[in-house]
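Data first, discussion second: the structure below is written as structure tokens.
Only the coordinates and a few stated rules stand behind these numbers; no lab work does. Only a predicted model underlies this, so the values are computations on that prediction, with no experimental measurement involved. Because the Cβ atoms are built from the backbone with ideal geometry, glycine has one as well, and the counts that use them run over all protein chains shown.
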Ligand code: ATP
Ligand code: MG
Ligand code: FE
């Protein structure tokens with residue numbers, strides 16, 4: 001079963017061919033980072049236009065690298081949401097066009113299901129499991145009782161982790177996206193600045209990162225006002241330490257409470273070295289198997305969309321060609337339909 005998958009939910013134009021939901025035949029990602037960097041973040045209008053410019057070429061590349069033609073495909077899959085509506089539309093229209101022209105089944109995929117199932121391209125999943133989704137727009141603890149079922153047991157009440165990383169990086173005058181820069185700075189730091197942790201109610205799996213972000217800004221402002229020297233690496237370290245502490249604590253608690261067999265990391269922030277290392281150490285201590293994708297499969301790509309599309313292929317649940325882009329598509333509903 002060869003699925004051609006397309007992903008254009010944000011600022012990566014991506015296409016991939018995935019065999020049997022597991023084997024990557026090709027995985028082409030064209031990032032628009034350079035374009036958006038000068039604005040300090042993604043400009044939606046520009047993102048859509050860039051997708052239009054590159055989508056045809058990226059899909060051709062994916063087919064060519066996989067050494068398959070449209071006749072060798074079993075289905076065409078595409079990210080339906082969540083994401084920027086203008087960006088989603090470009091991928092959706094391209095995928096529908098191909099599915100229609102080649103008379104192939106068409107599958108709309110949830111972007112976060114993609115991030116989670118990126119793990120299946122490299123690991124064997126065992127249920128029940130807990131997935132810790134940490135990305136640019138999402139921070140969620142997802143309980144998965146079985147394959148393809150998603151229950152969100154906790155989520156951020158304000159900023160997503162990646163968003164907090166990018167905002168803190170911006171305050172430290174680092175380029176967009178700031179996550180990898182903060183990660184590197186924190187890793188090299190020879191000291192730290194202790195910052196608060198937002199634990200919320202004792203029984204809650206929810207998160208909050210806006211207070212932490214404000215704490216960073218307030219430390220920066222105070223140093224500026226008093227004219228004191230501040231080591232930005234120490235601040236990056238303190239920020240990352242607080243983030244990792246709260247994420248790990250809540251994720252491990254969920255694993256124990258739900259009797260999960262595995263803990264999965266998913267999303268762009270799963271590329272964070274500090275998070276991977278510290279969570280690995282804690283999981284090892286507690287005998288919990290931890291899975292995370294390779295670096296390049298953590299951030300947005302189409303291989304993960306192909307992996308998640310296979311869930312629907314198995315059930316022969318196809319989408320109709322009038323499927324709409326859904327910027328706020330629900331993971332639980334997508335899984336259940
Ligand atoms: P979503 O998946 O929620 O729709 P998105 O697709 O924009 O959002 P991703 O591509 O999954 O987000 O992840 C991008 C985010 O990951 C950015 O905020 C970026 O700063 C962050 N990120 C990438 N690498 C790292 C890292 N090493 N450490 C911390 N954050 C990182
Ligand atoms: Mg991106
Ligand atoms: Fe993403």
| Angle between the Cα long axis of helix 179-188 and the longest principal axis of the chain, 0 to 90 degrees, nearest 10? | 40
| task | From zero up to wherever the largest Cα-Cα distance of the range 1-152 sits, split into 5 Å bins and tell me the percent of pairs in each. | result | 2, 10, 18, 21, 20, 16, 10, 5, 0
| remark: At q = 0.08, 0.09, 0.15 1/Å the base-10 log of I(q)/I(0) from the Debye formula over the alpha-carbon atoms of the chain is -0.37, -0.47, -1.21
| query | Where in the range 123-164 is the amide nitrogen less than 19 Å from a point lying 7 Å along the Cα-to-Cβ axis of residue 217? | reply | 137, 157-164
| message | Compute the angle between helix 210-226 and the longest alpha-carbon principal axis of the chain, please, reported from 0 to 90 degrees and rounded to the nearest 10. | response | 40
| remark: Its Cα gyration tensor gives the range 40-90 an equivalent ellipsoid whose semi-axes in whole Å, largest first, are 26, 13, 8
| request: Using the number of other C-beta atoms within 10 angstrom as an exposure proxy, rank 334, 313 with the fewest first. | output: 313, 334
| task | Can you tell me the relative contact order of the range 176-264? Whole percent, Cα pairs under 8 Å, sequence separation 6 or more. | result | 39
| field | Semi-axes of the equivalent ellipsoid for the range 4-87, Cα gyration tensor, largest first, Å | value | 25, 12, 10
| query | Would you list 283, 100, 298 from fewest to most Cβ contacts within 10 Å? | reply | 100, 283, 298
| Which distance in Å, rounded to a whole number, links the C-alpha centroids of the range 256-310 and the range 188-213? | 20
| task | Return the calculated 222 nm mean residue ellipticity for the chain, to the nearest 500 deg cm²/dmol, obtained by summing -39500 (n - 2.57) across DSSP H runs with n ≥ 4 and dividing by the residue count. | result | -14000 deg cm²/dmol
| field | Degrees between helix 85-101 axis and first principal axis of the chain (Cα, 0 to 90, nearest 10) | value | 20
| request: Starting from the Cα coordinates of the range 94-253, work out the convex hull volume and express it per residue in Å³. | output: 155
| query | Want the number for residue 314 to residue 261: 0.36 nm per residue separation, take away the alpha-carbon distance, what's left? | reply | 16.8 nm
| message | Out of all Cα-Cα pairs in the range 210-337, roughly what percent, to the nearest whole number, are more than 23 Å apart? | response | 55
